[in-house]
Amino acid sequence: PLDIAAGDIQARHFSVDPILDAGAGEREDRVRQMGDVLAGYEDFHEFDERELHLIEALRTLRLIHYSAWLAQRWDDPAFKQAFPWFNTQRYWQDRVLELREQIALMEEPPLWQA
């Protein structure tokens with residue numbers, strides 16, 4: 001297994017957002033999308049297939065980080081006007097559901113098999 005703390009995964013000088021954003025729809029569609037994204041990615045840089053299992057965990061971290069970012073700014077009156085939906089029961093119910101779905105996705109095999 002990879003040891004992130006030991007530096008087995010090298011920092012990249014690009015955004016991983018396209019990789020994290022791939023994967024909407026049914027599993028078959030998500031597999032195809034991930035294949036397309038990785039093919040394009042490898043036009044510029046080799047993808048270490050040992051990192052495939054990290055994609056859903058990183059996507060989950062990004063979702064949590066976004067809510068934390070909103071919460072940190074909630075006391076700013078302009079922010080409350082720009083994001084009135086943030087501090088609502090519906091927002092948090094949706095986030096809980098989203099995180100439950102992410103847990104299920106993290107338990108599945110990676111979308112792309114080498």
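The values are calculated or read from the model by the stated rules, or taken from the named source; none is laboratory data. Bear in mind that the values here come from a model prediction, so they are computed numbers and not experimental data. Because the Cβ atoms are built from the backbone with ideal geometry, glycine has one as well, and the counts that use them run over all protein chains shown. Protein only, heavy atoms only, side chains kept; ligands, DNA and RNA dropped before computing areas. Shrake-Rupley method; radii C 1.70, N 1.55, O 1.52, S 1.80 Å.
Data for the structure
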{"quantity": "Condition met for Leu97 (in contact with a Leu (Cβ under 8 Å, 6 or more places away or on another chain) and modelled with pLDDT of 85 or more)", "calculated": "no"}
{"quantity": "Residues satisfying the stated conditions in the range 41-66, i.e. in a loop (DSSP other than H, G, I, E, B), surrounded by 10 or more Cβ atoms within 10 Å (Cβ to Cβ) and either of a type in the set (Asp, Glu) or in contact with a strand residue (DSSP E or B) (Cβ under 8 Å, 6 or more places away or on another chain) (or both)", "calculated": "Glu42, Asp48"}
{"quantity": "Residue list for the range 88-113, restricted to those being open to solvent by 100 Å² or more (accessible area, probe 1.4 Å) and part of a loop (DSSP other than H, G, I, E, B)", "calculated": "Gln113"}
{"quantity": "Tabulated pairs, the range 61-82, first without any contact (Cβ under 8 Å) to a residue 60 or more places away in the chain, second among the acidic types (Asp, Glu), C-beta under 8 angstrom, 6+ apart or interchain", "calculated": "Leu63/Glu98"}
{"quantity": "For Ala22: the one exception among (1) open to solvent by less than 70 Å² (accessible area, probe 1.4 Å); (2) modelled with pLDDT of 85 or more", "calculated": "(2)"}
{"quantity": "Only one of Trp74, Trp69, Trp85 that is farther than 30 Å from Val37 by Cβ and either open to solvent by less than 50 Å² (accessible area, probe 1.4 Å) or among the hydrophobic types (A, V, I, L, M, F, W, C) (or both)", "calculated": "Trp74"}
